[in-house]
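Here is the structure we will look at.
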Amino acid sequence: MTWLKLVEGYMPMQMISELAGSILVFALINWTLNRAGMGIPKFWAGVGVWIYIQLYLKYRIYPPIPFSVRAIYGTVSACGIFMWVSGSEDAWQEFKRPVMNVMDGISGFHKGMRTVALIVIPLALGGFAYNSFLPSFEEPIELRTVHPAPPATTKVHGKTFVLQVVENPYRVNNEGKYDQAYTDARIVEQAMGRLMKDVNDPNYNPWDPNAEGYTKYVREGGEIFFQNCHFCHGDNLNGRGLWAYAFNPIPANFTDAGTIAQLQETFVFWRVSKGGIGLPGEGFPWASVMPPWEQHLTVDEIWKVVMFEYWHTGYYPRTWD
Amino acid sequence: MGRLTSGRAGKKFLAVTGLFAMGVMLLLPIFVALPALAGGGAPAAGGPPPDVVAAQEAEGAEGEEAKVEIGRDVYYKTEGPVVGAPAPKTQDTAEFYPRYNFESRVLLWVANQQHLYYGSFVLAVPIFCMCIEFAGLLSKDRAMAKKYDQLAYDFIKISLTAYSLTAILGGILIFTFLTLYPAFFGYLSSIFRPVMHIYALMFVAESGTLYIYYYGWDKMKEGLLKWLHASMSVVLNVIGTVLMFLANSWIGFMMSPAGVDEQGRYLGNIWHVIHTALWNPLNVHRILGNMAFGGGVVAAYAAYRFLSAKNDEERAHYDWMGYIAMALGVAFLIPLPFAGYWLMREVYAYRQQMGITLMGGLLAWLFIIQATMIGILFLTTNYYLWQALGRMTGGERFQRYIKYFVFILVVGLLVFITPHTIVMTPAELKAMGGQQHPVLGNYGVMSAKNGGINAIIMTTIASFIWYQRGNRVPAVKWAKFGNIFLITFFVVAHLNNIWVACYGYFIPANVRIGLSVPQVAGTLSCLFFGSALNLAMLKQSRELGPIRWGQIAPRSQYALIMLATAFTWMMGLMGYIRSSVRLFWHVNEIMRDNSPWAYTHTIGFGANVISFNVLFFWITIMFVFWLGALGAKKAPVPATQPVPGAAPQPATGH
């Protein structure tokens, strides 16, 4: 359904709202039909709502939702519908009546349905079993660990960093002291896109010639990023760089709420330094071709580029205090 | 007459004195053991290793004054004298890891889990007994008081048989440790020696109290003696809770060691060893979990007896029993996610990589399964309550709104269980254009999940309020205002929850974590304030009809059985996750596991072992139930309750 777009930034709530609206419309239609004495039988109402949810998830949401998630959603919605149709004894009796009628064969039509069911259901199950045993040439499913746990310490250019406590030396205020709140206040704003807070203020615009301290370091990090990283991670840091589609999976999308926004800055420092080859066993399959940047960048450069990534995406590194 | 009175008074005096003496005798071993605790214990069992002894002997001639080595605590960073041996450096040999032709870890896993299941059950049930016995004592309705008393007795009878099994399984667990992991257990017991002795003495005290509590039931059923009997249940539960806290200190030490230096040498402060970073969160989480689990098991027992009941009286009794057990279990289930949240927060604060391994890395998929189980628990609870409305005249007026509650529950659950790391084929990955889905990816992180679970919990609370009102209509003057206020309160709490969940994406993580406080506060306000307001409105209420105990759809009883099974499965799962997070360490970062089984199992294998544990527990607990049913005495509950005056009603009292 490409003509009715999901609005970026509102997509998660939009999906829930659309589903809620649909259910309300169904309830309203059913109520009206009931008033007119033409109510939809509970059995068909339940089956209809379930099919609607499956179709919505498959055809409305883009990019397509992987089957494993649709299977979870399908099962949960089926459980919900069962809870609804069997919530009270009257509803349950009404729901199961068509099924019982077919089972009991109360008329010729129902007897015919029963015969069809007795033939079709075993055949369908047999077909399902047969298909599941057929050899498949598809690549197997990967249960990939996107964020493997980092080590307690990491050694970069001969220096050991304790990842639990180490701080980015460039995340500093005007006095040169480490200041998370100061730097957090100077990142880009997230609204319908990402915007600098005040383009004319050197405190907010790293590309202002008068930028000093934190904002200057962000600019330096940006220069490093555009010299080294943007080919894969993209100039908007969304993982859609020039070379991105040469890889599967494509490079990490830093603008997604599930990547750097969930991590401590030291985690990103470790991942950048060690690259795909430095992933621990937990990260199997190691589907990352990111080079170990410690071989190309200094420690200071890595810290600056990490800081730039947070600045540009408008996310805050995770902290514990 | 006077002699009779003085004779009775004398007997009472003797009984009180006897009980007091019993209490003192039971607690004496603990006081005797206290100096060992205060002194921090002696050097590690077996003394220092041979090379250290040899070095000490060589120095012996000049070493008139013993040189005290000072070590630095790995967690508290304080300094203390080294009084223990370093943690053994094990190798994959029969000396360190003797074995059968089977994976030792799985044997230990099963032994541990079975002991934990029974341990949880026998710690939880006496707490229920205490609550029910006090409810009976405080009840003004004598018939009701008697029924409560009988119910408490039924509970403790089941617990007594389970208690013996707990002790047996504890023995099996220790033997399994000693025979399969001698080096590790030797090290652990050298650190915890005084604690282990106190644990054993507490167990003796627990056993003594439990037996007197059970066998003294009939002798102490009137007057002051009854109060003493009820007080004994408090003592019983205090001892039981301390026992659990002590056992928790061992697993807390294994996960987040303290009180030792980097080599694992004990530094003489036993409190540091006990009071590790994760000890208190584990304590709170476990006590709530045990209560919820115990309630689930007793509810399943009642459901089983309901389904196999031969007459209406039996059905009424077990319907009531199932309801009480379920209500108690769910009362502790509701705060459980918050305790879990605190535990995870402390885990992250202790070690970032441990938190990521759990929630975002290797074990993240197990957490999705856990979220699914939590969802099943809450949905099943709601379902049971909706079914229970069917046995009340007037309950049907709420049932037409079930579909809206279902919608909130399902949406909350879908968000709650959406995985952060999605399982997909490489083709799906390509079609999606990256590892993160732009819509679902937002459900996969904590901010949304907090919103999801809070929505589920608030809906469950609303279902409880429905249930409390099932057959009653508030008749207070301010009923209309109260209803509007209550509805507005819930709507605002839901809106606040959704707003905070969305806002969480736009703020730093530390602020977001802090924002979970108003989110939780909204939910807890619904629980405490909403329930209190509802009860106040029902103080003066119009009865629409009686509660027809026993006249409930059998589906509700299957829901109770499902509730208990989900509890059991989830407990097995969480135990596995908690233990697995240490990865290849016996004691995190102190003692490495060098056995051939120091790897993380596949999810499928883990799930199979958990399922086996669940099945084994339910088979054995059925045996316990069968024993409990032998010669059971019940106080039948009339199938239809009379419309009462001021008598407390179980349906509305919880």
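Looking at residue A:137 and the list (1) in contact (Cβ under 8 Å) with a residue 12 or more places away in the chain; (2) assigned to a loop (DSSP other than H, G, I, E, B); (3) within 12 Å of chain B (Cβ to nearest Cβ), which single condition is not satisfied?
For residue A:137, the exception is condition (1).
Among the residues of the stretch B:313-347, how many are over 29 Å from residue B:462 (Cβ atoms) and surrounded by fewer than 20 Cβ atoms within 10 Å (Cβ to Cβ)?
Here the count works out to 3.
Go through (1) among the small types (Gly, Ala, Ser); (2) more than 29 Å from the chain's Cα centre (by Cα); (3) crowded, with 21+ Cβ neighbours inside 10 Å for residue B:545 and report which single condition fails.
(3)
Looking at A:250, A:260, can you tell me which residue is more than 10 Å from chain B (Cβ to nearest Cβ), surrounded by 19 or more Cβ atoms within 10 Å (Cβ to Cβ) and β-branched (Val, Ile, Thr)?
Of A:250, A:260, the one residue that is more than 10 Å from chain B (Cβ to nearest Cβ), surrounded by 19 or more Cβ atoms within 10 Å (Cβ to Cβ) and β-branched (Val, Ile, Thr) is A:260.
Can you name the number of the only condition in (1) closer than 20 Å to residue A:88 by Cβ; (2) away from every other protein chain (no Cβ under 14 Å); (3) at pLDDT below 90 that residue B:399 fails?
The number of the failed condition is (2).
Among the candidates A:225, A:284, A:267, A:231, single out the residue that is without any contact (Cβ under 8 Å) to a residue 60 or more places away in the chain and aromatic (Phe, Trp, Tyr).
When all the criteria are applied, what remains is A:231.
Based on what the data block shows, is residue B:137 open to solvent by 10 Å² or more (accessible area, probe 1.4 Å), in contact with a Lys or Arg (Cβ under 7 Å, 6 or more places away or on another chain) and not charged (D, E, K, R)?
Numbers: open to solvent by 10 Å² or more (accessible area, probe 1.4 Å): yes; in contact with a Lys or Arg (Cβ under 7 Å, 6 or more places away or on another chain): yes; not charged (D, E, K, R): yes.
When the stated conditions are applied, residue B:137 passes them.
Out of the residues in the stretch A:266-280 that are over 21 Å from the mean Cα position of the chain (by Cα) and of a type in the set (Phe, Trp, Tyr), which is surrounded by the most Cβ atoms within 10 Å (Cβ to Cβ)?
The extreme case among them is A:269.
Which pairs do you get when a residue that is facing chain A (nearest Cβ under 7 Å), found in the stretch B:415-437, comes within reach of a residue that is open to solvent by less than 20 Å² (accessible area, probe 1.4 Å) and of a type in the set (D, E, K, R), reach meaning Cβ atoms under 9 angstrom, with the pair 6+ apart or on two chains?
So the pair list comes out as B:434/A:256; B:435/A:256; B:436/A:256; B:437/A:256.
Name the residues in the stretch A:195-240 that are under 26 Å from the mean Cα position of the chain (by Cα) and among the basic types (Lys, Arg), would you?
A:240
Scan the stretch A:112-144 residue by residue and report those that are among the aliphatic types (A, V, I, L, M), open to solvent by 80 Å² or more (accessible area, probe 1.4 Å) and within 30 Å of residue A:259 (Cα to Cα).
A:141
If a residue must be within 16 Å of residue B:439 (Cβ to Cβ) and open to solvent by less than 60 Å² (accessible area, probe 1.4 Å), how many such residues does the stretch A:10-21 contain?
Of the residues in that region, 8 qualify.
Please specify each residue of the stretch A:220-242 satisfying the condition of being within 14 Å of chain B (Cβ to nearest Cβ) and not in a helix (DSSP H, G or I).
A:234, A:236, A:237, A:238, A:239, A:240, A:241
For the stretch A:172-219, which positions are aliphatic (A, V, I, L, M) and more than 14 Å from chain B (Cβ to nearest Cβ)?
Hits for the stretch A:172-219 are A:172, A:196, A:199, A:211, A:218.
Tell me, yes or no, whether the stretch B:477-492 has at least one residue that is within 13 Å of chain A (Cβ to nearest Cβ), free of Cβ contacts under 8 Å to residues at least 12 places away in the same chain and either of a type in the set (Phe, Trp, Tyr) or out of contact with any Asp or Glu (no Cβ under 8 Å at 6 or more places or on another chain) (or both).
For the stretch B:477-492, residues within 13 Å of chain A (Cβ to nearest Cβ), free of Cβ contacts under 8 Å to residues at least 12 places away in the same chain and either of a type in the set (Phe, Trp, Tyr) or out of contact with any Asp or Glu (no Cβ under 8 Å at 6 or more places or on another chain) (or both): absent.
Residues that are in a helix (DSSP H, G or I) and more than 23 Å from residue B:380 (Cα to Cα): does the stretch B:590-604 have at least one?
Yes, that holds for at least one residue.
Looking at A:316, A:245, can you tell me which residue is among the hydroxyl-bearing types (Ser, Thr, Tyr) and either touching a Pro at 6+ places or on another chain (Cβ under 9 Å) or in contact (Cβ under 8 Å) with a residue 40 or more places away in the chain (or both)?
A:316
Just to be sure before I move on: is residue B:316 touching a His at 6+ places or on another chain (Cβ under 7 Å) and either farther than 19 Å from residue B:126 by Cα or assigned to a helix (DSSP H, G or I) (or both) in the structure I sent?
Criteria not met by residue B:316.
From the set of residues in the stretch B:369-389 that are open to solvent by 20 Å² or more (accessible area, probe 1.4 Å) and at the interface with chain A (Cβ under 9 Å from one of its Cβ atoms), which is nearest to residue B:75 (Cα to Cα)?
Looking at the filtered set, the residue picked out is B:372.
Being of a type outside the set (D, E, K, R) and more than 30 Å from residue B:422 (Cβ to Cβ) is the filter; apply it to the stretch A:145-164 and report the residue that is surrounded by the fewest Cβ atoms within 10 Å (Cβ to Cβ).
Of everything passing the filter in the stretch A:145-164, A:158 is surrounded by the fewest Cβ atoms within 10 Å (Cβ to Cβ).
Table: residues versus (1) in a loop (DSSP other than H, G, I, E, B); (2) touching a residue at least 40 places away in the same chain (Cβ under 8 Å); (3) buried (at least 18 other Cβ atoms within 10 Å of the Cβ).
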position	(1), (2), (3)
B:68	yes, no, no
B:84	yes, yes, yes
B:89	yes, yes, no
B:99	yes, yes, no
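Among the residues of the stretch B:438-463, which ones are out of contact with any Gly (no Cβ under 9 Å at 6 or more places or on another chain), open to solvent by 10 Å² or more (accessible area, probe 1.4 Å) and more than 7 Å from chain A (Cβ to nearest Cβ)?
Within the stretch B:438-463, just B:449 meets the criteria.
Evaluate the following for residue B:318: is it of a type in the set (Ser, Thr, Tyr) and within 23 Å of residue B:523 (Cα to Cα)?
It is false that residue B:318 is of a type in the set (Ser, Thr, Tyr) and within 23 Å of residue B:523 (Cα to Cα).
Take the stretch A:281-321 and flag every residue that is outside any helix (DSSP H, G or I), open to solvent by 40 Å² or more (accessible area, probe 1.4 Å) and not hydrophobic (A, V, I, L, M, F, W, C).
Here is the first cut: in the stretch A:281-321, the ones outside any helix (DSSP H, G or I) are A:284-292, A:296-298, A:314-321.
Pick out the ones that are also open to solvent by 40 Å² or more (accessible area, probe 1.4 Å) and you get A:284, A:286, A:289-291, A:296, A:298, A:316, A:320-321.
If the condition is that a residue be outside any helix (DSSP H, G or I), open to solvent by 40 Å² or more (accessible area, probe 1.4 Å) and not hydrophobic (A, V, I, L, M, F, W, C), then A:291, A:296, A:298, A:316, A:321 are the ones that fit.
Residues that are closer than 27 Å to residue B:479 by Cα: list the helices (runs of 4 or more DSSP H) wholly contained in the stretch B:501-582 that include at least 3 such residues.
Hits in the stretch B:501-582: B:509-525, B:531-538.
Among the candidates A:109, A:82, A:67, single out the residue that is open to solvent by 40 Å² or more (accessible area, probe 1.4 Å), within 10 Å of chain B (Cβ to nearest Cβ) and either closer than 26 Å to residue A:6 by Cβ or more than 40 Å from the chain's Cα centre (by Cα) (or both).
None of the other options fit; the residue is A:67.
Residues of the stretch A:29-68 being free of Cβ contacts under 8 Å to residues at least 12 places away in the same chain, within 15 Å of residue B:440 (Cα to Cα) and among the aliphatic types (A, V, I, L, M), which ones?
A:65
The values are calculated or read from the model by the stated rules, or taken from the named source; none is laboratory data. This is a predicted model, so every value here is computed, not measured. We place every Cβ from the backbone using ideal geometry, glycine too, and count neighbours over all the protein chains shown. Just the protein is used for accessible areas: all its heavy atoms, side chains included, with ligands, DNA and RNA removed. Shrake-Rupley method; radii C 1.70, N 1.55, O 1.52, S 1.80 Å.
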